[in-house]
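A short write-up of the structure that comes next.
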Amino acid sequence: MRQLNRLNQYQRLWSVSRGEIQYTSVTEMASRCFCSERHMRTLLGQWQHQGWLSWQAQSGRGRRGELCFLKTPDLIRRELLQRQLSLGQPHQLLELINLEPDQLNHLLKPFMGGQWQDDRPTLRIPYYRPLDPLHLPDVPGRAEQHLARQIYAGLTRFVKDKVVPDMAHHWQCSGDGLSWFFFLRPQLYWHNGERVDSLQLLHRLQQICHSQTGKKLLAAVKSLTLPQALCLRIDLHVPDNWLPWRLATVPCLLAHPDEERLGTGPWRIAAWSRELIRIENHERYHDFHPLMQAVEYWITPPLFDQALGNSCRHPVQIAIGQPDELAQLRPVSRRLSLGFCYMAIRQNASLTTSQRHKLMRLIQTPGMIDSLPLQEGLIAPSHEILPGWQVPDYRSDDTVALPTILHLHYHLPVELHAMAEKLREVLAEEGCELRLHFYPAKNWQACDALEKADLIMGDRLIGEAPGFTLETWLRLDRLWPAILGEAAFVALRSELEALQSCPSESDRERALQQVFHELMSQAVIRPLFNYRYQISAPPGVEGIALNARGWFDFSRAWIPPPVTIA
């Protein structure tokens, strides 16, 4: 804070003449800097020593001397910024950049992307919004979920669409499918250097099982025990062949039972604030070690619509470097997201089967989604809920009249706002008034108004193992009891329980595909559009490939050293 005060005092002096030579006295300068004359002389001596200005005093009290500025306040800020970055202490420079967003973006531009600082490769990513704290097991945001996977590990993890060992190096299941044994790695360390005790993992898993999310996700778990020091036993009420998949999800990532910021993943939290997040590699990680020293998120928010919340922009195009120069950066990875935005129709709403089918058919009108006022290339209309899981062709009588009023509830992202406005226009032509209700969150978990909705629109993130992800969606999201009704939802849960007992993964996914085919055929739900993910980076950043969540594995990214290789 002392540096910030000194810089602010210097700025006051400089702003009088905008950096031109001033003929002034110590008394006048002290009044501008709100300090004593004695302290002003001390400041002038320090600033001359640092090369900020030149001061030539005249003998005699009150005589005017010559004040010559050698550096602008912006240049000094950049130098201080560079110094703290070189020391690997970016959190200490935040007090130096108390600026408006546009000024902050301009100041940070030269330091974004991949750089070597004091022989430490560091990747800096400008990000458009503050990230929410990682409170496991509930982490709703896409960026937060990706970061959680970098910081924490689980008993198992996903590699592409497969589940593989992580903190456990192997697992076995009893013949009746009711007892699972996870054999733990002997060398596991928390981010603070403390060795992992198996009892800590047992206690953390018990905490997860008793959480609201855990009660649904791990509903089959009967008990957790440690028959041996490095063996965790999980006994079930009923067989659940999805159990290794469930233990690889974000809600089942294992934080220290007493200190949530500590994990065992490849990256540890070094600094976390609304302006800056810095993670550094974990030197005692049990698997592939990161190729960089640190990754930093610099929060440089643009101006946005406060009515839609501070998460209203969907960051499907990540620029590792300067965001306003995206066209000059090198697109290194693109893919169409498996995740989608959807529309659902509440089944006990006052809508007939014909009316529900007509609403779904209106969504299918050619060009409707393409005409949304969104950035070109941002979205693509959905024709299947997953590859090969086709959306039915809804047919209805055009003479079927819709109700005079319908209520649509929707949440983030902002693209759903454009979709809601478009649907309101389309239904108005059908003589139906669509009343919009925006819920400023990323999911429905804390919303108590869904039972009042006729139509619902939301966003469904699909990460690894897409079939299993949809099963988890049916199990966890409070959308489903709201739109199906209690009796139908209980029947759905029974169907999921029968499905999870099937030993074959391919058979489970075929059965799950049939579940969603029935839901779409009954006009309960249909996908609207997918996103086009893209990452762009300057030539000096290597090893970047998009994952299923639209991010990239920080541990595989690397920066060539600043040397010329003959």
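The values are calculated or read from the model by the stated rules, or taken from the named source; none is laboratory data. Just so it is clear, the model here is predicted, and its values are computed rather than measured. So basically every Cβ, Gly included, is an ideal-geometry build from the backbone, and we count neighbours across all protein chains shown. With ligands, DNA and RNA removed, areas are computed over all heavy atoms of the protein, side chains included. Shrake-Rupley method; radii C 1.70, N 1.55, O 1.52, S 1.80 Å.
Backbone geometry of region 502-508 corresponds, through the Karplus equation with coefficients 6.51, -1.76 and 1.60 at θ = phi - 60°, to 3J(HN,Hα) couplings of 6, x, 7, 4, 5, 5, 4 Hz, x marking Gly and Pro.
Which order do the peptides 554-560, 443-449, 286-292 come out in when sorted by mean C-beta neighbours inside 10 angstrom, highest first? Each step should come with its number before you reach the end.
Details: 554-560: 18.6, 443-449: 14.7, 286-292: 16.6.
The most tightly packed comes first, giving 554-560, 286-292, 443-449.
Which percentage, to the nearest 5, of the DSSP beta bridges contained in region 359-478 is antiparallel?
Details: 2 of 12 bridges.
For region 359-478, the DSSP antiparallel bridge percentage is about 15.
Tyr128 sits with roughly 40 Å² accessible to a 1.4 Å probe, with DNA, RNA and ligands left out of the calculation.
For the chain, take the longest principal axis of its alpha carbons; what is the angle in degrees between that and the long axis of helix 2-17, to the nearest 10 within 0 to 90? Taking Cα atoms only, the helix is inclined about 60 degrees.
How much area per residue is accessible in region 4-52 when the probe is 1.4 Å and only protein heavy atoms are counted (Å²)?
On the way: 2690 Å² over 49 residues.
For region 4-52, the per-residue accessible area is 55 Å².
Residues in region 433-566 average 40 Å² of solvent-accessible surface per residue, probe 1.4 Å, ligands and nucleic acids excluded. A straight line joining the Cα centroids of region 202-222 and region 348-404 runs 38 Å.
For region 138-224, the solvent-accessible area works out to 44 Å² per residue, with a probe of 1.4 Å and every protein chain left in place. Can you bin region 393-544 into rounded, prolate or oblate? Criterion: square roots of the alpha carbon gyration tensor eigenvalues sorted a ≥ b ≥ c, rounded for a/c under 1.5, prolate for a/b above b/c, oblate for the rest. It comes out oblate by the Cα gyration axes.
Evaluating 6.51 cos²θ - 1.76 cosθ + 1.60 at θ = phi - 60° for every residue in region 257-266, the Karplus couplings come out as x, 10, 9, 5, 5, 8, x, 10, x, x Hz, glycine and proline recorded as x.
Please state the charge dipole magnitude for the chain, taken about the Cα centre, from unit charges on C-beta atoms (+1 on K and R, -1 on D and E), reported in debye and rounded to the nearest 20. Could the numbers behind the result be given before it?
Numbers: 60 positive and 60 negative charges, 355 e Å.
Dipole about the Cα centre, nearest 20: 1700 debye.
The alpha carbon gyration tensor of region 478-528 gives principal lengths a ≥ b ≥ c with a/c of 1.5 or higher and a/b no greater than b/c, which makes the shape oblate. Taking Lys162, Lys216 and ordering them by how much accessible surface each has at a 1.4 Å probe, largest first, produces Lys162, Lys216. Going by accessible surface with a 1.4 Å probe and the largest first, Arg424, Arg356 read Arg424, Arg356.
Taking 8 Å as the Cα distance limit and 6 or more residues as the minimum spacing, I'd like the relative contact order of the chain as a percentage. Averaging sequence separation for qualifying contacts and normalising by length gives 16 percent for the chain. Lys and Arg at +1, Asp and Glu at -1: add these up for the other residues within a Cβ distance under 15 Å of Asn348 and post the number. It works out to a net charge of 0. Each residue of region 339-348 was assigned a 3J(HN,Hα) from its phi angle through the Karplus curve 6.51 cos²θ - 1.76 cosθ + 1.60 (θ = phi - 60°); the sequence is x, 8, 8, 9, 10, 10, 10, 5, 6, 9 Hz, with glycine and proline shown as x.
Under the definition of Cα pairs under 8 Å and six or more residues apart, what whole-number percent is the relative contact order of region 376-436? Intermediate results must be reported in sequence, preceding the final value.
On the way: 41 pairs, mean separation 19.9, N = 61.
RCO, region 376-436: 33 percent.
Just add up the charged neighbours of Met457: K/R +1, D/E -1, any other residue whose Cβ is under 14 Å from the Cβ of Met457. Before the final figure, lay out the partial values.
Values: positive: Arg346, Lys422, Arg424, Arg435, Lys442, Arg460, Arg526; negative: Glu415, Glu421, Asp454, Asp459, Asp477.
Summing Lys and Arg as +1 and Asp and Glu as -1 gives +2.
For the chain, with all protein chains in place and a probe radius of 1.4 Å, 50% of the accessible heavy-atom surface sits on carbon or sulfur.
Treating only the Cβ of Lys, Arg, Asp and Glu as charged (+1, +1, -1, -1), what charge dipole size does region 452-553 show about its Cα centre? Round to the nearest 20 debye.
Working: 10 positive and 14 negative charges, 63 e Å.
Roughly 300 debye for region 452-553.
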